[in-house]
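The values are calculated or read from the model by the stated rules, or taken from the named source; none is laboratory data. Since we're looking at a predicted model, the values are computed, not measured. Virtual Cβ from ideal backbone geometry, glycine too; neighbours counted across all protein chains shown. Surface areas here come from the heavy atoms of the whole protein model, side chains and all, with no ligands, DNA or RNA. Shrake-Rupley method; radii C 1.70, N 1.55, O 1.52, S 1.80 Å.
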Amino acid sequence: MKQFLTLVFIMSISAGNWAQDFQGIATYKTKRQLHIPLDSTQMNSEMYQRMIEMLKKQFEKTFILTFNKEASVYKEDEKLGAPQTGNMTMMVVSTEGSDVLYKNMKTKRYTSQNELFGKLFLVKDDLEKWDWTLENETKTIGKYTCYKATMTRHVEVIQGGISVNGEKNLNTESHMEPKMRAVKITAWYTPEIPLNNGPARYYGLPGLILEVNDGEETILCSKIVLYPDKDLEIKEPQKGKEVNREDYDAIVERKMQEEQERFNGGRHDGERIEIRIGG
């Protein structure tokens with residue numbers, strides 16, 4: 001499918017000034033492939049299809065990257081609530097996502113503001129080092145010539161852990177335990193925008209990353225607006241309990257267990273599905 005990228009130039013300037021005052025806004029669309037094993041004793045086909053449709057809506061989102069040469073803020077364009085259909089409620093918890101993600105390319109640090117079960121956290125830590133391999137392959141995204149870069153990293157992941165009404169799916173219980181697996185990541189960057197940045201936590205290439213795929217999720221840039229003569233507001237989030245990434249992952253695990261125990265011990269109507277996506 002042909003990919004279109006809208007490019008808006010606010011004003012034309014020389015290449016020298018452009019490199020010095022580089023800033024703009026990029027819009028990204030996300031899409032995730034879903035591979036969730038199903039135990040027919042817990043979930044019928046109709047319920048499963050409803051769950052898949054809700055998950056598709058949950059993971060097909062629009063994000064805005066506001067950037068300059070040194071820093072960026074990446075956040076969702078439209079905040080969606082917990083997906084619900086009839087008497088079925090789905091809770092999706094991810095250790096990968098952020099409500100607001102601030103990256104500082106100069107200090108190689110990030111701050112991720114996340115709301116978890118009504119409490120706000122500020123996850124502050126070092127940016128992960130991406131060991132990219134630059135490839136010769138090119139393609140065009142919108143009006144930009146993009147170059148391919150790849151890397152393989154081993155990550156601790158939880159794949160499709162499912163709990164239905166507090167009862168774990170026996171066929172997928174092993175997936176709830178963290179394990180290491182190799183993940184191949186493919187990125188497409190354009191040197192025409194000489195920015196060491198990209199969507200989510202991706203960065204480290206000699207040009208803005210316009211597309212990235214990790215085998216399950218695709219993030220694609222759909223629009224870029226360049227503001228060479230305007231100061232964009234790029235502020236690090238300040239509100240929330242400050243923790244590092246390791247502590248935050250432990251909090252997510254504990255909160256998930258507490259929420260499941262609370263649900264099992266309380267009165268409730270309808271069906272509830274919990275799905276954790278991690279990495």
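Taking the criterion of being open to solvent by 70 Å² or more (accessible area, probe 1.4 Å) and over 14 Å from E211 (Cβ atoms), the residues of the stretch 128-142 that qualify are E128, K129, D131, T133, L134, N136.
Would you pick out the residues in the stretch 114-126 that are modelled with pLDDT of 95 or more and open to solvent by 20 Å² or more (accessible area, probe 1.4 Å)? K124, D125, D126, listed by residue number.
Against the list (1) surrounded by fewer than 16 Cβ atoms within 10 Å (Cβ to Cβ); (2) modelled with pLDDT of 95 or more; (3) of a type in the set (S, T, N, Q), the condition T66 fails is (1).
The one condition from (1) among the hydroxyl-bearing types (S, T, Y); (2) within 28 Å of A71 (Cα to Cα); (3) at pLDDT below 90 that S174 does not meet is (2).
Here is the figure for the stretch 189-223: residues that are aromatic (F, W, Y) and over 17 Å from T152 (Cβ atoms) total 2. Of all residues in the stretch 105-129, those satisfying the criterion of being closer than 20 Å to N68 by Cα and among the hydrophobic types (A, V, I, L, M, F, W, C) are M105, L127.
Restricting the search to strands (runs of 3 or more DSSP E) fully inside the stretch 172-262 and requiring at least 3 residues that are open to solvent by 50 Å² or more (accessible area, probe 1.4 Å) gives 179-190.
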